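Engineer: Got a structure here, written out as structure tokens. Questions coming.
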Amino acid sequence: MQDYLREYLAVHGYWVLFVWTFLEGEAGLILAGFLAFQGYMHIAGVIVTAFGGAFCGDQFYFYLGRWQGVRLLGLFTFIARKFRKALRLIERYGTFVAFVSRYTYGFRIVLPIILGMTTFPAFKFCWLNIVSALVWAVAFSLIGYLFGKGASLVVDDVHRYEQHLVVVLACLIAAMWLFHVVHAWWRRKPARSRLKRMQATGTAPRVTSRKD
């Protein structure tokens, strides 16, 4: 099984990681870092691949917003719902938003698209994206790698317990994701409470349909 996994990752591992980081990110990158510690991949290759995927992904989303932003707002409701909040973040934090967009839960793809719809300079976004993608790739690759390193200090034969460690790592990643979900839900709680009070008193805005 280990030989098959090694051969599979040698052929497909890096392009799968590239696509993963192009679209989303942290979970697959942390796992790739752990596999690098196990010898299935090279940590330098993991970092370079993740950097390339993350950088190309955000550049794509930025120019997608610049060329097709208005159309996307009409096609995808999740972008339209977050449009105003993203604009407030951009107005409030400016350049910093371009740097941390990949670290923001729920805005990873939306922020570059909306930045592309603004007058934010393309060259400035590019160099900020380079720095941000590099820091992101190194940090999350090393999280997985150091997880394996730490496990080797506790377990004599890491390869023997490899499947168990993958399960533990997956649980830790799931816990991180759950924390983000709960945190986002908790932050929206005051808004939901206000809406319920408005509905109870009959002051909530009504949405009316109109036929052209």
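The values are calculated or read from the model by the stated rules, or taken from the named source; none is laboratory data. In this text, all values refer to a predicted model and were calculated from it rather than measured experimentally. A quick note on method: Cβ atoms are made from the backbone with ideal geometry, for glycine too, and the neighbour counts reach across all protein chains shown.
Engineer: Please go through segment 41-89 and pick out each residue that is exposed (fewer than 15 other Cβ atoms within 10 Å of the Cβ) and of a type in the set (K, R).
Structural biologist: Hits for segment 41-89 are R71, R81, R84, K85, R88.
Engineer: Can you tell me which residues in segment 67-94 are modelled with pLDDT under 80 and either touching a Phe, Trp or Tyr at 6+ places or on another chain (Cβ under 6 Å) or polar (S, T, N, Q) (or both)?
Structural biologist: T77
Engineer: Name the residues in segment 64-80 that are over 10 Å from V110 (Cα atoms) and not aliphatic (A, V, I, L, M), would you?
Structural biologist: Across segment 64-80, the qualifying residues are R66, W67, Q68, G69, R71, G74, F76, T77.
Engineer: Can you work out which of the residues in segment 16-50 that are among the aromatic types (F, W, Y) and modelled with pLDDT of 90 or more is nearest to the chain's Cα centre (by Cα)?
Structural biologist: Step by step, filter segment 16-50, then rank; the result is F22.
Engineer: Does G74 fit the bill of being on the phi > 0 side of the Ramachandran plot and small (G, A, S)?
Structural biologist: no
Engineer: Next question, about the same structure. F120 is checked against (1) part of a loop (DSSP other than H, G, I, E, B); (2) closer than 15 Å to E24 by Cα; (3) at pLDDT 85 or above and fails just one. What number does that condition carry?
Structural biologist: (2)
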